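Only one structure is covered here, and it is reproduced in the block below.
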Amino acid sequence: SVCGFLIMTFQKVFRDKGGNILTEQEKEQFEIRRIKLPKADETIGILDQRLGGSRMKVRCMNGKTLICRVPGRLKRKLWVREGDVLLIKPWGELGEDKGDVVFKYKPTQIGWLRKNGHMKNLEVDEF
């Protein structure tokens, strides 16, 4: 006799409010709907170099290069690599060349930002 095994793969299934499973295009729109846009004092930047100790060099839209850090509340949740697109909050008067990382954008969100003109001054090679 032959024993049969059931192999299951676990994937995150996106559903709408009615419980129906969403298609790939609807999933992308679901992710894009929740994009965090920069507020008055925030800016978008690309991570150029990791410096160690949760610090990094980030090239921002305004042409400045800031030394940014990942705040303690996000240290274990937010993992960043070179080339990632980040939302940065400069420190202001405390340090003109320093800032905090607020958010990391996903590839679909980066495409939406570029398409709608939020990343005019930045060039992202990887996406």
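The values are calculated or read from the model by the stated rules, or taken from the named source; none is laboratory data. Here the structure is a predicted model, which means the values were calculated and not measured. Note that each Cβ is placed from the backbone with ideal geometry, even for glycine, and that neighbours are counted across all protein chains shown. What goes into the accessible areas is simple: the full protein's heavy atoms, side chains included, and nothing from ligands, DNA or RNA. Shrake-Rupley method; radii C 1.70, N 1.55, O 1.52, S 1.80 Å.
A few remarks follow.
- Å³ per residue enclosed by the Cα convex hull of segment 47-127: 96
- Cβ-derived FRET efficiency at R0 35 Å, Ala40 paired with Glu82, nearest 0.05: 0.80
- Using the Cβ-Cβ distance between Met61 and Arg15 with R0 set to 22 Å, the FRET efficiency works out to roughly 0.05.
- Counting only protein heavy atoms and a 1.4 Å probe, segment 50-127 has 66 square angstrom of accessible area per residue.
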